[in-house]
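Contents: one structure, followed by commentary.
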Amino acid sequence: MGNREDLLAGARRCLEEKGYLRTTVRDIAAASKVSMAAIGYHFGSREALLNQALFAAMDEWAAGSGRLAGQGDTAEERYADTWDRKIRDFAEMRWLWLASVEAFVHAQSSPELLAVLAESQRKNRRMVAAVLRGVPAEEVSEEDVRSLGSLHIALLSGVMVQALTDPEAAPTGRGLARGLRAMVELLDRPASTDG
């Protein structure tokens with residue numbers, strides 16, 4: 001590997017061990033066995049290097065989990081199985097999700113990072129809607145992107161926070177599927193004429 005690849009690998013190790021906000025230039029240089037000056041030369045800044053390492057790890061995860069696949073016979077069972085797999089990922093790759101939350105917090109004072117994260121969310125909403133509909137991303141309607149994609153991304157973020165905060169009480173795939181079904185039933189109820 002060259003210096004650039006060594007730096008990316010070192011930055012990933014630092015993300016795994018120290019997180020996004022606590023990783024310093026010195027940490028990355030030590031982990032990669034490359035000079036601190038090489039970070040500026042190859043990436044421009046510590047933030048740019050950490051962002052690339054984090055986004056590469058997220059892309060790896062998405063490539064392995066971006067499909068609706070489960071063992072059940074019904075769509076609901078497959079959906080629940082998919083959620084169970086994601087919830088396991090939150091535990092097994094805890095460092096990745098904590099680093100992504102730290103990056104989100106940091107992005108509030110970094111317009112460049114905020115723009116990248118916003119664009120990533122736009123793409124993720126479309127990808128999720130496509131997976132759920134079972135069609136290519138370019139065939140997903142804008143309405144599905146805004147509704148179905150946004151709902152699923154909101155669920156993903158909320159479930160991730162619950163799983164990281166209180167793993168013992170975090171929802172299960174079956175519980176999420178039942179909750180969605182209950183919500184649909186509530187939304188289908190006629191409005192009360194009382195009061």
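The values are calculated or read from the model by the stated rules, or taken from the named source; none is laboratory data. Owing to the predicted nature of the structure, the values given are computational and were not obtained by experimental measurement. Here Cβ is always computed from backbone atoms with ideal geometry, including for glycine, and neighbour counts include all displayed protein chains. The accessibility values were calculated without ligands, DNA or RNA, using every heavy atom of the protein model including side chains. Shrake-Rupley method; radii C 1.70, N 1.55, O 1.52, S 1.80 Å.
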E17 open to solvent by 30 Å² or more (accessible area, probe 1.4 Å), farther than 20 Å from A107 by Cβ and under 16 Å from the mean Cα position of the chain (by Cα): no
Per-region count, the range 149-192, residues within 18 Å of S120 (Cβ to Cβ) and in contact with a helix residue (DSSP H, G or I) (Cβ under 6 Å, 6 or more places away or on another chain): 5
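Go through the range 131-143 residue by residue and tally those that are of a type outside the set (V, I, T) and modelled with pLDDT under 90.
Residues of the range 131-143 that are of a type outside the set (V, I, T), as a first pass: 132-134, 136-139, 141-143.
Those still in the list that are modelled with pLDDT under 90 too: 132-134.
Selection size over the range 131-143: 3.
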Filter the range 59-77 down to the residues that are at pLDDT below 60 and under 24 Å from S100 (Cα atoms) and list them by number. G66, R67, L68
Would you please name the residue that is modelled with the highest pLDDT, looking only at residues in the range 166-190 that are assigned to a loop (DSSP other than H, G, I, E, B) and surrounded by fewer than 10 Cβ atoms within 10 Å (Cβ to Cβ)? D166
Looking at (1) at pLDDT 90 or above; (2) not in a helix (DSSP H, G or I), find the lone condition where R122 falls short. (2)
Where residues in the range 112-146 are within 13 Å of the chain's Cα centre (by Cα) and of a type in the set (A, V, I, L, M, F, W, C), which of them is surrounded by the most Cβ atoms within 10 Å (Cβ to Cβ)? V128
Please verify whether the range 26-43 includes one or more residues that are in contact (Cβ under 8 Å) with a residue 40 or more places away in the chain, open to solvent by less than 40 Å² (accessible area, probe 1.4 Å) and not small (G, A, S). no
Here the qualifying pairs (Cβ atoms under 6 Å; residues six or more apart or on different chains; first in the range 165-178 and touching a residue at least 12 places away in the same chain (Cβ under 8 Å); second open to solvent by 70 Å² or more (accessible area, probe 1.4 Å) and outside any loop (DSSP other than H, G, I, E, B)) come out as A170/Q162
Which of (1) exposed (fewer than 13 other Cβ atoms within 10 Å of the Cβ); (2) in a helix (DSSP H, G or I) does G149 not meet, given it meets every other one? (1)
On the basis of being among the polar types (S, T, N, Q), open to solvent by 40 Å² or more (accessible area, probe 1.4 Å) and in contact (Cβ under 8 Å) with a residue 12 or more places away in the chain, does N51 make the cut? no
Can you say whether V135 is assigned to a loop (DSSP other than H, G, I, E, B) and out of contact with any Ser or Thr (no Cβ under 9 Å at 6 or more places or on another chain), as far as the supplied structure shows? yes
Given (1) in a helix (DSSP H, G or I); (2) surrounded by fewer than 18 Cβ atoms within 10 Å (Cβ to Cβ); (3) not hydrophobic (A, V, I, L, M, F, W, C), index of the condition S109 fails: (1)
